[in-house]
Amino acid sequence: MTRRSKVTAILAALVLIVSVSLVALWANQEDEEPVTILGVWTDAQEEQFEEVLRGFGIPFDYQGTAAQREVLLSQVQSGEPPDIAIMPGVGELAEYAAQGRLEPLNGLYDAKAYGPPWSAADQTSGPVYWVPVKADVKSIVWYRAGNKPTAAPAPLESWCIGMSDDGASGWPGSDWIEDLVLQRSGPKAYGAWALGREEGEWTGDPVRTAWETWGRLLQQNEQAARRALLTDHRGEPDRNGLLFAGRGGCTLEHQGSFARSFYQGKSAGLTDSAALLPEGPYEQRAHEVTGDFAVLFSDRPEARELIGKLASREGQRAWAAFPDVFSANSGVPPKNGPIGKQITDLLTGPGVRCLDASDVMAPAVRDAFYEATLLTMARAAEGTDLGIPDLLSDLQRVQKEAQPRTGTGLARVCSGP
């Protein structure tokens, strides 16, 4: 081989080596691309959640926003959804599943740790599209420690109510109506209504009587109704919770377990809601529960591994170690103290649980529900007729126009028989 040939061969070999190295480097960079996560937690809770994620050893890029529904829809429509999305409720998630946009979660975590109604389907055979990574219980009433209320309905001025919210004003009103439907008519009627079945129409007796009962409560005091309509559910101006804000001398708050995070360490007790609901007392038929559910839009191995770690017993224990974070995973021990144990038992112990009805509904139905509760309270504040029959007829029309959701596993709202 001539000298020139040898030089040419050496150069070719060097080019090949460099090319292979660049390909390997590019592939490695692709492997290290962070898992993108869109979630609901911001500020201090965002920092806590990211601390948990860092413990998994998987690169991630977390975006927290109060407008996660709108942000997710925009990303999906642009063809760039996150690898993982975490949203309250399963209304939108069921639609994404029906559109074939979600990846099944079967086999990524111990499904037996999540009993009904948290599981989306038969975990051993049907596809599972979401898993709760944070849980809260409703159908409870908070009160200042040492001032437990008597087991009798309270007047409107005793209730700390705020209907305003950054993302979806009106949902606190939907909680009242949902709880009344559940405690007055039971889980079967509640579930049929939440899922939009024919026997659960908005104009039917369970929903109509519950709405009328709530309306009569609002009509007791126009000033209190007006104040509730204009108040943020977290309290104003510092958002440290309505129960301790001293607004109008209220002493009770019909709110989920997440409300404790607003109380800034102040001591509060909780009790079942049924005895205190308007025109009760009622039998406590079940507890309404809500959760933040994680789904996969990507089949990347890193994303699958991360969501599996987050839903695992170890991941949920790490997340629930923070104050005011609760899990639906039965392997997570109760928090210290009677309140923590009480909430954990309501989330995973014996008893009937039903998913928040508005969280289950199709987005168009849910939004119309929120608007109707705001309109009801506004009319009560003005001292005008509430117009409940027309409101419910309009909601029934929206329900019929909503696209049926099939193939999602969303067929059960309540646990128990």
Legend entry - Residue among P334, P350, P338 that is touching a helix residue (DSSP H, G or I) at 6+ places or on another chain (Cβ under 7 Å) and either modelled with pLDDT under 95 or closer than 24 Å to V35 by Cβ (or both): P334
Legend entry - Residue ID - modelled with the highest pLDDT, chosen from residues in region 68-96 that are in a loop (DSSP other than H, G, I, E, B) and under 20 Å from V289 (Cβ atoms): V90
Inset, instruction - Check region 131-142 and report whether any residue there is modelled with pLDDT under 95 and touching a Leu at 6+ places or on another chain (Cβ under 8 Å). - result: no
Inset, instruction - Would you tally the residues in region 158-177 being under 16 Å from A225 (Cβ atoms) and either among the aliphatic types (A, V, I, L, M) or outside the structural domain of G256 (by TED's automatic domain parsing) (or both)? - result: 3
Inset, instruction - From (1) assigned to a loop (DSSP other than H, G, I, E, B); (2) surrounded by fewer than 22 Cβ atoms within 10 Å (Cβ to Cβ), pick out the condition that doesn't hold for W202. - result: (2)
Inset, instruction - Please state which one of P104, P82 is touching a Pro at 6+ places or on another chain (Cβ under 9 Å) and farther than 27 Å from F369 by Cα. - result: P104
Inset, instruction - Kindly indicate whether any position in region 153-163 is of a type in the set (D, E) and in a strand (DSSP E or B). - result: no
Inset, instruction - Take region 357-395 and flag every residue that is more than 16 Å from E95 (Cβ to Cβ), touching a Leu at 6+ places or on another chain (Cβ under 9 Å) and among the small types (G, A, S). - result: A357, A372, A378, A380, A381, G387
Legend entry - Any chance L355 is in the same structural domain as G115 (by TED's automatic domain parsing) and buried (at least 18 other Cβ atoms within 10 Å of the Cβ): no
Legend entry - Failed condition for P155, given (1) assigned by TED's automatic domain parsing to the domain that holds E279; (2) surrounded by fewer than 24 Cβ atoms within 10 Å (Cβ to Cβ); (3) within 23 Å of the chain's Cα centre (by Cα); (4) not polar (S, T, N, Q): (3)
Inset, instruction - Keeping to region 35-67, report how many residues are surrounded by 14 or more Cβ atoms within 10 Å (Cβ to Cβ) and either outside the structural domain of L296 (by TED's automatic domain parsing) or part of a strand (DSSP E or B) (or both). - result: 9
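Here's the yes/no breakdown for (1) in contact with a strand residue (DSSP E or B) (Cβ under 9 Å, 6 or more places away or on another chain); (2) outside any helix (DSSP H, G or I); (3) crowded, with 23+ Cβ neighbours inside 10 Å:
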site: S261; (1), (2), (3): no, no, no
site: T271; (1), (2), (3): yes, yes, no
site: L277; (1), (2), (3): yes, yes, yes
site: D292; (1), (2), (3): yes, yes, no
site: V295; (1), (2), (3): yes, yes, yes
site: G315; (1), (2), (3): yes, no, yes
site: A328; (1), (2), (3): yes, yes, yes
Inset, instruction - Return a yes/no flag: does region 369-378 have any residue that is within 19 Å of D179 (Cα to Cα), assigned by TED's automatic domain parsing to the domain that holds A94, in a helix (DSSP H, G or I) and touching a Lys or Arg at 6+ places or on another chain (Cβ under 9 Å). - result: no
Legend entry - Selection status of T408, at pLDDT 95 or above, polar (S, T, N, Q) and surrounded by 21 or more Cβ atoms within 10 Å (Cβ to Cβ): no
Legend entry - Pairs, first closer than 13 Å to L229 by Cβ in region 379-400, second crowded, with 19+ Cβ neighbours inside 10 Å and among the hydrophobic types (A, V, I, L, M, F, W, C), C-beta under 6 Å, six or more apart: R379/L386; A380/L218; A380/A225; A381/A225; A381/L229
Inset, instruction - Output yes when any residue across region 201-221 is without any contact (Cβ under 8 Å) to a residue 24 or more places away in the chain and assigned by TED's automatic domain parsing to the domain that holds G383, and no when none is. - result: yes
Inset, instruction - Consider only pairs whose beta carbons are under 7 Å apart and that are at least six residues apart or on different chains; among these, list those whose first residue lies in region 330-357 and is assigned to a helix (DSSP H, G or I) and whose second residue is among the polar types (S, T, N, Q). - result: I343/S257; T348/S330
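The values are calculated or read from the model by the stated rules, or taken from the named source; none is laboratory data. Note that the structure is predicted; figures quoted are calculated from it, not measured. Note that we place each Cβ from the backbone using ideal geometry, even for glycine, and neighbour counts take in every protein chain shown.
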